[in-house]
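Okay, so here's the structure we're looking at.
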Amino acid sequence: MINKTDVLIIGSGVAGLFAALHLPSDKQITIITKNSIEESDSFLAQGGICVLRSEDDYDSYYEDTMRAGHHENRKESVDIMIKTSRHIIDELIDCGVEFESENGEYLYTREGGHSKHRIMFHKDITGKEITSKVLRVVQSKKNIQIIENTTMIDVIMRDGTCYGAVIRDKDDHVQNIFADYTVMASGGIGGLYKHSTNFRQLTGDAIAIALKNGIKLENINYIQIHPTTLYSEKPGRRFLISESVRGEGAILLNKDGERFVDELLPRDLLTQKVYEQMEKDGLPYVRLSMAGIDEQEIKGHFPNIYEKCLEEGYDVTKDPIPVVPAQHYFMGGIWVDSDSKTSVDRLYAIGETSCNGVHGANRLASNSLLESLVFAERAANKITETYTEVSEDAPEVDLTAYGDKKKLEKEYKDMILQEIERINSHDE
């Protein structure tokens, strides 16, 4: 394990990987990830990635994003994301990402909250396709090192400047990694919830560390519930039934087999309707029917969903499946400016860990991958433009203070949940 690097990136999701690709090749980049490299939520994204198809779509795309976010979005960030979207898609294609096409033309789907078809996709595993191809390019770079099963447990700070992070490795050893710049890309907070589509290890470590160190946060009580995950009584992560299934014609049914809602409402509004119907029906789920989608379309566009449901005993080409809302996405996070810089010098935050204001109070479907990539690149570009080495000695850290792993994990979890509860109580 090293103890000094030029740029330290916490997290190996698509944001962290994309940022690494855009940093100077003469700098040593170290990526640490809490579990194995493929256990990031970026690999789980099903539906797709939004793109501005033409200038004529700008106003519509902008308004769809703002409306979904209840107009609490940061307008500058939304504008940056939309205008950069085609550039990002071109870069992904250069990385080898294969989006669905027909007769040489890309195909576009539509999801809840969108007024037009503007979502590019790869079957129903778009996140895996994008992240794995970006990862492959990252792994080819000699200046980028990835260290698995390593957790950030604190940042090293003095006088408003970050000097790196305190980490715990796979053997439970605690040490420092000093860096000229540190980038937090450690994902959301789904691991704090009983029912979530997130990997269980995503417990909001960066949010707790920000609270502990006085790093500015924004809207950490803005937590999105996805309206359709496969109902199960088994413990563990919930399996997402992509929004694009409803975009292609799937409908939601009550216990009597009757449609009860517009399936393309924004996620928060649809979730509310599903909860209301569950209460009326006296059941812990509603049903989703794909009868309106051609069988070959289901098997071709949604093979992952088809196979997973078969494993659970449901043939979606024949019968409706039980679905239930579950925690899905974290709109709040560490406050950042339009270049992803935090309130602390030499510290950046990107991806779901950060809050640049794009999503407002509720994320529009398939904006997550795009937002992560756009602002990861901006972080890397800003670091590159302003790069200077740390000129003074880093502060000393008492590593013995982090010895009790379980105690620290509980402390961080309680810290986040109590702060969210405090904010919600104040808002009420």
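Calculate how steeply helix 368-386 sits against the longest principal axis of the alpha-carbon atoms of the chain, using the helix alpha-carbon long axis, and give the answer as 0 to 90 degrees to the nearest 10.
20 degrees
Hey, what's the Kirkwood Rh for the range 1-132 if you take every pair of different alpha carbons, in angstrom?
Result for the range 1-132, one decimal place: 16.6 Å.
Tell me, what is the Rg over Rh of the range 87-137, with Rh the Kirkwood radius over Cα pairs?
0.99
Which entries of Lys4/Lys141; Lys34/Lys234; Lys212/Lys308; Lys34/Lys407; Lys234/Lys405; Lys142/Lys410 show an alpha-carbon separation above 29 angstrom in the structure shown?
Beyond 29 Å between Cα atoms: Lys212/Lys308; Lys142/Lys410.
Mean residue ellipticity at 222 nm from the helices of the chain, using -39,500 (n - 2.57) per DSSP H segment of n ≥ 4 over the full residue count, to the nearest 500 deg cm²/dmol?
-10500 deg cm²/dmol
Run the simple label-point estimate for Lys410 and Ala291 please: 7 Å along Cα→C-beta, distance reported in nm.
Calculated label separation equals 5.1 nm.
Radius of gyration and Dmax for the range 74-218's Cα atoms, expressed in Å?
For the range 74-218, the Cα radius of gyration and maximum Cα-Cα distance read 19.1, 58 Å.
Can you tell me the Rg and Dmax of the chain, counting just the alpha carbons, in angstroms?
21.2, 70
Counting only other residues whose beta carbon sits under 10 Å from that of Gln327, what net charge do I get with K and R as +1, D and E as -1?
In short, +2.
Using the alpha-carbon atoms, what tilt in degrees (0 to 90, nearest 10) does helix 58-68 show relative to the longest principal axis of the chain?
The two axes meet at around 90 degrees.
For the range 185-294, what are the per-bin percents of Cα-Cα distances with bins 10 Å wide, up to the bin holding the maximum?
Spelled out per bin, shortest first, that is 13, 37, 30, 15, 5, 0.
Can you list the residues of the range 229-256 with backbone N under 16 Å from a point 7 Å past the Cα of Gln272, pointing along Cα to Cβ?
none
Spelling out what I want: for every residue of the range 88-103, take phi, set θ = phi - 60°, compute 6.51 cos²θ - 1.76 cosθ + 1.60 (Karplus), and round to whole Hz; glycine and proline get x.
Residue by residue, the range 88-103 yields 5, 4, 4, 5, 5, 4, 4, 7, x, 5, 10, 8, 4, 8, 8, 6 Hz.
Output the Cα-based Rg and Dmax of the range 246-361 in Å, rounding Rg to one decimal and Dmax to a whole number.
18.8, 58
In degrees between 0 and 90, to the nearest 10, how far off the longest principal axis of the chain does helix 126-139 point, with axes built from Cα atoms?
It is inclined by approximately 30 degrees.
Please report, to two decimal places, log10 I(q)/I(0) for the range 305-396 at q = 0.16, 0.22 Å⁻¹ as given by the Debye formula with identical point scatterers on the Cα atoms and no solvent.
-0.76, -1.04
Read-outs: derived from the displayed coordinates by stated rules, not from any lab. Computed from a predicted model, the values in this text were never measured in an experiment. Don't worry about glycine lacking a Cβ; one is built from the backbone with ideal geometry, like all the others, and counts go over all protein chains shown.
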